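The values are calculated or read from the model by the stated rules, or taken from the named source; none is laboratory data. What you see is a predicted model, and the numbers here were worked out from it, not measured in a lab. Backbone-built Cβ (ideal geometry, glycine too); neighbour counts: all protein chains shown.
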């Protein structure tokens, strides 16, 4: 199911390169202030599929015009895939990494959760 979701995401992601090439801070700003004008991957499954590829280091979206690093892609995809009303904690980040059989360290899970939580909050604010 995730492979199919990944393939579906790749059909449209090149049209979203401008957003995915932003810094995390700029993504937060855009999501919170310009939600209605953005086109992003909004499907939780598609986001988790992209997250999986970023987590294992195999992500290379350069042929789609996206040059964001793996951490940025993991943060934005985890934050967007998350329930908008439930905070992303280090335990959440760690649990998802374990499900994908690539456990993060405690420090990695903490850093990822903080960035993904900023994205989640911005999505919530953008939804109004």
key: Number of the condition not met by residue 39 [criteria: (1) touching a residue at least 12 places away in the same chain (Cβ under 8 Å); (2) assigned to a helix (DSSP H, G or I); (3) closer than 15 Å to residue 123 by Cβ]   = (2)
ask   = What pairs can you find where one residue is in the range 89-110 and closer than 15 Å to residue 53 by Cα, the other is loosely packed, with under 11 Cβ neighbours inside 10 Å and modelled with pLDDT under 95, and their Cβ atoms are less than 9 Å apart, with a gap of 6+ or different chains?
value = 102/57
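Can you tell me which residue among 78, 124 is in a helix (DSSP H, G or I) and in contact with a helix residue (DSSP H, G or I) (Cβ under 8 Å, 6 or more places away or on another chain)?
Numbers: 124 fails: in contact with a helix residue (DSSP H, G or I) (Cβ under 8 Å, 6 or more places away or on another chain).
The conditions single out 78.
Kindly check whether there is at least one residue in the range 44-61 that is assigned to a helix (DSSP H, G or I), modelled with pLDDT under 95 and surrounded by 15 or more Cβ atoms within 10 Å (Cβ to Cβ). Lay out the reasoning, then the answer.
Within the range 44-61, the first condition is being assigned to a helix (DSSP H, G or I), and the residues that meet it are 44-55.
Retained after the next criterion (residues that are modelled with pLDDT under 95): 53.
Checking the rest, the ones that are also surrounded by 15 or more Cβ atoms within 10 Å (Cβ to Cβ) come to 53.
Scanning the range 44-61 turns up at least one residue that is assigned to a helix (DSSP H, G or I), modelled with pLDDT under 95 and surrounded by 15 or more Cβ atoms within 10 Å (Cβ to Cβ).
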ask   = For the range 39-54, how many residues are out of contact with any helix residue (DSSP H, G or I) (no Cβ under 6 Å at 6 or more places or on another chain) and over 14 Å from residue 11 (Cα atoms)?
value = 2
task = Look through 2, 33, 24 and report the one residue that is more than 13 Å from the chain's Cα centre (by Cα), touching a residue at least 12 places away in the same chain (Cβ under 8 Å), more than 18 Å from residue 100 (Cβ to Cβ) and surrounded by 13 or more Cβ atoms within 10 Å (Cβ to Cβ).
result = 33
request  = Return yes or no: is residue 83 assigned to a helix (DSSP H, G or I) and either surrounded by fewer than 19 Cβ atoms within 10 Å (Cβ to Cβ) or touching a residue at least 24 places away in the same chain (Cβ under 8 Å) (or both)?
outcome  = no
message = Please go through the range 86-103 and give me each residue that is part of a loop (DSSP other than H, G, I, E, B) and under 27 Å from residue 17 (Cα atoms), ordered by number.
response = 87, 88, 100, 102
